[in-house]
Amino acid sequence: MLRSACLFGVLALTSLCADTAKPAQPVQTSHTDTVNFAPGGTIRIDNADGNVTIEAWDEPKVEVTVVKSMGWDDESSAAANHRLDAVKIAVDRKSDTEVAIDASRTRTHNRVAHMLHIGSEAGVSYHIRVPKYSHLVISRADGYVSVTGVTGNIEATNSRGDILLMLPNLAQYSIDAHTKVGVITSDLQGTKHQHHLSGQEFTRGDKTQVHKLDLHMGFGGITIKELPTEAIAYK
């Protein structure tokens with residue numbers, strides 16, 4: 001009798017735990033902003049903390065889709081949503097020739113907890129579509145930056161991650177690229193030097209050329225690839 005009672009108790013406790021225990025669930029939000037914007041203007045992306053993917057298209061507008069995620073998080077929904085809400089993205093059409101995409105993040109736990117990996121911050125990814133002839137200025141990025149199909153000037157500063165450019169008519173660009181720790185790879189011939197032992201400098205052409213690539217990478221690599229005409233599928 002005692003053994004049966006103990007067995008029944010164990011089974012009941014197991015069943016109760018199974019009913020009350022909630023597995024970690026991915027917490028994610030997605031939002032898209034679109035602003036009308038003619039080709040030839042400047043698009044500024046500032047303080048992007050996360051992966052940034054920029055694609056050219058034939059539409060006279062800028063479309064910004066931001067995905068914020070806590071991944072598989074075991075915090076309460078309220079706590080997870082609080083961390084998602086701490087990331088603010090503003091898309092501002094400042095004029096007919098300038099759009100600004102600005103990100104800000106409020107720290108949701110103290111520095112000691114951050115150092116001990118207690119709690120976590122929201123991960124952010126950006127998918128941005130721009131008129132193919134646009135001037136891009138990407139400043140204070142922190143993550144992977146990819147640009148495909150754009151035919152205007154590109155200035156990019158990234159603290160850590162990688163910069164990948166896949167551009168048509170690459171030979172028309174002058175290139176000034178630097179890394180602190182990382183390698184630079186290009187489909188074009190140019191002048192390459194070591195930079196502070198662990199980094200590289202790559203230059204090509206001269207600054208009188210109309211089209212320019214000005215790239216600065218902290219910890220990570222820079223890759224500059226020619227995009228074949230047949231691979232371009234502007235929509």
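The values are calculated or read from the model by the stated rules, or taken from the named source; none is laboratory data. Since the structure is predicted, the reported quantities are computational estimates derived from the model, not experimental observations. Note: ideal-geometry Cβ built from the backbone for every residue, glycine included; neighbour counts use all protein chains shown.
Can you spot a residue in region 184-207 that is among the charged types (D, E, K, R), touching a strand residue (DSSP E or B) at 6+ places or on another chain (Cβ under 9 Å) and buried (at least 19 other Cβ atoms within 10 Å of the Cβ)? Spell out the reasoning first.
Residues of region 184-207 that are among the charged types (D, E, K, R), as a first pass: 187, 192, 201, 204, 206-207.
The next check asks that each one be touching a strand residue (DSSP E or B) at 6+ places or on another chain (Cβ under 9 Å); those that pass are 187, 192, 201, 204, 206-207.
Imposing the further condition that a residue be buried (at least 19 other Cβ atoms within 10 Å of the Cβ) reduces the set to 204.
Scanning region 184-207 turns up at least one residue that is among the charged types (D, E, K, R), touching a strand residue (DSSP E or B) at 6+ places or on another chain (Cβ under 9 Å) and buried (at least 19 other Cβ atoms within 10 Å of the Cβ).
Results for (1) more than 27 Å from residue 159 (Cβ to Cβ); (2) hydroxyl-bearing (Ser, Thr, Tyr); (3) modelled with pLDDT under 85, shown as yes or no for each residue.
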| residue | (1), (2), (3) |
| --- | --- |
| 11 | yes, no, yes |
| 14 | yes, yes, yes |
| 18 | yes, no, yes |
| 28 | no, no, yes |
| 33 | no, no, no |
| 38 | yes, no, no |
| 41 | no, no, no |
| 46 | no, no, no |
| 52 | no, no, no |
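Do we have any residue at all in region 220-228 that's closer than 23 Å to residue 40 by Cβ and either part of a loop (DSSP other than H, G, I, E, B) or among the β-branched types (Val, Ile, Thr) (or both)?
Yes, there is a match, as at least one residue in region 220-228 is closer than 23 Å to residue 40 by Cβ and either part of a loop (DSSP other than H, G, I, E, B) or among the β-branched types (Val, Ile, Thr) (or both).
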